[in-house]
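Beneath this line is the structure, given in structure tokens, with notes to follow.
The values are calculated or read from the model by the stated rules, or taken from the named source; none is laboratory data. These numbers come from a predicted model, not from an experiment. Counting neighbours? That spans all protein chains shown, and the Cβs are built from the backbone with ideal geometry, glycine included. Side chains are part of the model used for accessible areas, which takes the heavy atoms of the whole protein and leaves out ligands, DNA and RNA. Shrake-Rupley method; radii C 1.70, N 1.55, O 1.52, S 1.80 Å.
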Amino acid sequence: MSLPAGELQVMSDETLVAANTGADADPENASAAIRGRSLGQIAWRRLRRDKLAMAGGIFVILLGLVAILAKPLTNWYGAFPNTVNNFPPHDLLDASTQMPIGSYGGASSTHWLGVTPEIGNDVLANLIYGTRTSLIIGLLATALAVVLGVITGVVAGYFGGFTDTALSRLFDLLLSFPTLLFSIALLAVFGDVDSFAGLSGVALRFAVIIFVLGFFNFPYIGRIIRGQVLSLREKEFVDAARSLGASNYRIMSREILPNLLGPILVYTTLAIPVNILGEAGLSFLGVGVPQGTPSWGKMLSDAGDFFTIDPTYLFAPGLALFLTVLAFNLFGDGLRDALDPKSRR
């Protein structure tokens with residue numbers, strides 16, 4: 001398999017100088033004549049050349065920092081997501097219409113993106129804390145889907161036979177479920193439950209959303225992993241490990257699983273924005289995060305009653321969702337190309 005130009009540095013700088021000056025080649029220094037790069041170094045070099053993927057990765061890192069530093073950021077900003085500003089002596093809302101005073105949703109030096117109608121919550125503070133909500137649910141739901149998908153996919157592909165048939169039919173069954181309707185029904189039921197499995201309140205609602213998004217998405221990666229394992233189990237290194245007496249668990253965990261790292265990473269980066277959109281959609285429909293918890297989807301839902309009067313409230317959460325999904329997709333596409341030695345860009 002050939003690599004693109006520049007992927008392999010054939011000779012070190014010192015060797016080139018010695019060759020150009022006619023210096024003799026010492027066999028003891030022959031190992032320095034060829035200096036290769038590991039697969040990780042090659043992938044990083046290819047990813048670094050993709051400017052769009054790097055821009056997406058930088059944006060994702062910034063999102064993570066905003067989510068982690070949400071409380072210090074709002075303390076520095078001086079406004080908080082659930083602060084109500086619709087009572088005197090506040091002069092942010094018109095007393096007769098309950099709409100923000102001023103243009104662009106009441107944007108000012110103290111409220112950079114304005115305030116919400118009727119309540120007067122700060123839009124930027126809600127956006128900052130909404131980042132934390134979206135990333136927590138998106139990351140944990142993706143982690144659940146990846147763990148379940150990798151385990152079932154590896155087991156199905158490696159053992160084959162009845163195990164493969166049973167797990168493949170399970171994938172087909174879950175993929176045929178009307179996920180959105182089932183999610184709405186399940187979340188509506190748990191909305192009236194005070195506690196379950198030691199969880200209550202916001203933690204319980206988060207856990208249900210994460211379970212719904214992760215459990216119904218794991219068949220997608222399970223089918224991908226199964227197909228990869230069906231090919232890998234016939235490779236020579238698997239036969240060699242089996243001939244040396246390695247157990248099935250060791251072969252799956254030490255021989256096959258490391259070769260699945262590329263597809264797993266790519267799927268993870270592409271599944272996170274899907275789950276973020278899933279949480280936003282459920283919150284938009286009113287069955288997502290509970291009232292009082294900042295969420296981009298909840299912000300869009302609240303703005304739906306006022307967008308004909310002032311569409312400003314749609315822009316901030318809508319743009320945040322758009323840029324987040326775009327950044328994850330760009331980074332995921334770049335990572336896929338970097339980990340695929342046959343791709344040419």
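Values for this structure:
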item	result
Per-region count, segment 209-219, residues assigned to a loop (DSSP other than H, G, I, E, B) and open to solvent by 40 Å² or more (accessible area, probe 1.4 Å)	0
Selection status of Leu199, out of contact with any strand residue (DSSP E or B) (no Cβ under 9 Å at 6 or more places or on another chain), surrounded by 15 or more Cβ atoms within 10 Å (Cβ to Cβ), under 21 Å from Leu148 (Cβ atoms) and at pLDDT below 90	yes
Segment 116-136, residues that are crowded, with 24+ Cβ neighbours inside 10 Å and of a type in the set (D, E, K, R)	Asp122
Selected residue [under 27 Å from the mean Cα position of the chain (by Cα) and open to solvent by 80 Å² or more (accessible area, probe 1.4 Å)] from Leu139, Leu187, Leu113	Leu139
Check on Leu93, without any contact (Cβ under 8 Å) to a residue 12 or more places away in the chain and under 19 Å from Ala316 (Cβ atoms)	no
Yes/no for Phe206 being outside any helix (DSSP H, G or I), of a type in the set (Phe, Trp, Tyr) and either farther than 21 Å from Asn259 by Cβ or open to solvent by less than 30 Å² (accessible area, probe 1.4 Å) (or both)	no
Failed criterion for Ser231 (all others in (1) free of Cβ contacts under 8 Å to residues at least 60 places away in the same chain; (2) crowded, with 19+ Cβ neighbours inside 10 Å hold)	(2)
Of all residues making up segment 283-322, the number that are within 27 Å of Asp192 (Cβ to Cβ), of a type in the set (S, T, N, Q) and touching a residue at least 24 places away in the same chain (Cβ under 8 Å)	2
Out of Leu187, Leu204, sole residue that is touching a residue at least 40 places away in the same chain (Cβ under 8 Å) and farther than 25 Å from Arg250 by Cα	Leu187
Filter result for Phe177 (outside any helix (DSSP H, G or I) and either modelled with pLDDT under 90 or open to solvent by 50 Å² or more (accessible area, probe 1.4 Å) (or both))	yes
Thr308 being under 30 Å from Asp122 (Cα atoms) and open to solvent by 30 Å² or more (accessible area, probe 1.4 Å)	yes
Residues (crowded, with 16+ Cβ neighbours inside 10 Å and not polar (S, T, N, Q)) located in segment 316-327	Ala316, Pro317, Gly318, Ala320, Leu321, Val325, Ala327
Residue count, segment 258-305 (criterion: assigned to a loop (DSSP other than H, G, I, E, B) and surrounded by fewer than 17 Cβ atoms within 10 Å (Cβ to Cβ))	7
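Each row is one residue, and each column tells you yes or no for (1) within 21 Å of Leu260 (Cβ to Cβ); (2) modelled with pLDDT of 90 or more; (3) in contact with a strand residue (DSSP E or B) (Cβ under 7 Å, 6 or more places away or on another chain).
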| position | (1), (2), (3) |
| --- | --- |
| Val189 | no, no, no |
| Ser195 | no, no, no |
| Val212 | no, yes, no |
| Arg223 | yes, yes, no |
| Phe237 | yes, yes, no |
